[in-house]
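The values are calculated or read from the model by the stated rules, or taken from the named source; none is laboratory data. Given the structure is predicted, the values throughout are model-derived calculations rather than measurements. Here Cβ is always computed from backbone atoms with ideal geometry, including for glycine, and neighbour counts include all displayed protein chains. Areas reflect the complete protein model, heavy atoms only, side chains present, ligands, DNA and RNA absent. Shrake-Rupley method; radii C 1.70, N 1.55, O 1.52, S 1.80 Å.
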Amino acid sequence: MNVVLTIAALTVREAVRRRVLRAVLGLTIALLVITALGFPALNAAEAESGGLTTGEGRLVAGIVLNLVLFGLSLIAALGTAFLAGPTVSGEIESGTALAVLARPVHRSAVLLGKWLGLAVFGCGFVVVAGSAQLLVVLATVGYRPPHAAAGLALLAGQTAVLLTLGVLLSTVTSPLASGVTAVGLFGATWIAGVVGGLGVSLRSDAVTAVGTVSRVLLPTDGLWRGAMNAFQDPVALAQFGGPAIEGGVPFLSEAPLTGAYLAWVTVWVVVVLALAVVAFQRRDL
């Protein structure tokens, strides 16, 4: 355990120094600025068009907030994937892994320590950046999501899931390939979720199953949809969300996540992390 915690602390320190973090910070700040300017403009446009009812306004604010937070989750996905990529394969290529593992240190402890450090760093970043985004929305339009803490926790969980996938990929392929593959799977799962939502509006079980299966195979989209529901006003969603959801709006989620699905996400992370440990132990240095 001491080795795991030591490696985790060193991993966090290394992540802070990487140029990827600077790029992620720059994109996050740009998103915050765009939000601070865009939400007041949205209010002005609503006023010019005759305005919306209170419920409709809260529904629209929730939809736009989900759109903005999807941008944040995409930034976090990019940063997480390209931080996890060099975790194993990058250090093997540079010879660093051979120098560390020559000592009486188990490979599993090293990998788990790196995963823990990146998870703390990535999840912490998502929570801080997401909280800043919510404060900007509150200050500009006065919208406060009813379950903000739960939504941020689910976004952090999404980051942890993608990070775990990235660590597994880094044990079997190059840093660049693992990062690109992880981000590609993240995007493909989200698109499959949108297709599944269209299947609901079209009342097609076959099309709906596309989104359901994708959320089981890679839970990032499932966690994202749970986060969207947490950020949405439940009263406005009940009053006006039905027609919008039936129309296939991709930034609305009608129901919160079930306990069974959250349990599956936990099992998924444990299984994939165990596969990463096995793959790392069998890889030649």
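Laid out as a table, the results:
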read-out: Matching residues, segment 199-212, being open to solvent by 30 Å² or more (accessible area, probe 1.4 Å), part of a helix (DSSP H, G or I) and not aliphatic (A, V, I, L, M); value: D205, T208, T212
read-out: Flag if S178 is open to solvent by less than 40 Å² (accessible area, probe 1.4 Å), modelled with pLDDT under 90 and more than 29 Å from A61 (Cα to Cα); value: yes
read-out: Residues that are farther than 23 Å from V110 by Cβ and either touching a residue at least 12 places away in the same chain (Cβ under 8 Å) or open to solvent by less than 90 Å² (accessible area, probe 1.4 Å) (or both), drawn from segment 1-29; value: A23, V24, L25, G26, L27, T28
read-out: Single residue of L116, L185, L138, L163 found to be assigned to a helix (DSSP H, G or I) and open to solvent by less than 20 Å² (accessible area, probe 1.4 Å); value: L163
read-out: Odd one out for F121 among (1) over 20 Å from V270 (Cα atoms); (2) modelled with pLDDT under 90; value: (1)
read-out: Total residues in segment 13-62, condition farther than 17 Å from R144 by Cβ, modelled with pLDDT under 80, assigned to a helix (DSSP H, G or I) and under 24 Å from the mean Cα position of the chain (by Cα); value: 8
read-out: Neighbours by Cβ (under 9 Å, 6+ apart or cross-chain): first from segment 63-74, assigned to a helix (DSSP H, G or I); second among the hydroxyl-bearing types (S, T, Y) and modelled with pLDDT of 85 or more; value: L72/T28; S73/T159; S73/T220
read-out: Residue list for segment 202-230, filter: under 23 Å from V183 (Cβ atoms) and aliphatic (A, V, I, L, M); value: V210, V213, V216, L217, L218, L223, A227, M228
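Let's see how each residue does on (1) touching a Lys or Arg at 6+ places or on another chain (Cβ under 6 Å); (2) closer than 20 Å to L116 by Cα; (3) open to solvent by less than 40 Å² (accessible area, probe 1.4 Å):
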residue: V127; (1), (2), (3): no, yes, no
residue: T159; (1), (2), (3): no, yes, yes
residue: L168; (1), (2), (3): no, yes, yes
residue: G197; (1), (2), (3): no, no, yes
residue: R225; (1), (2), (3): no, no, yes
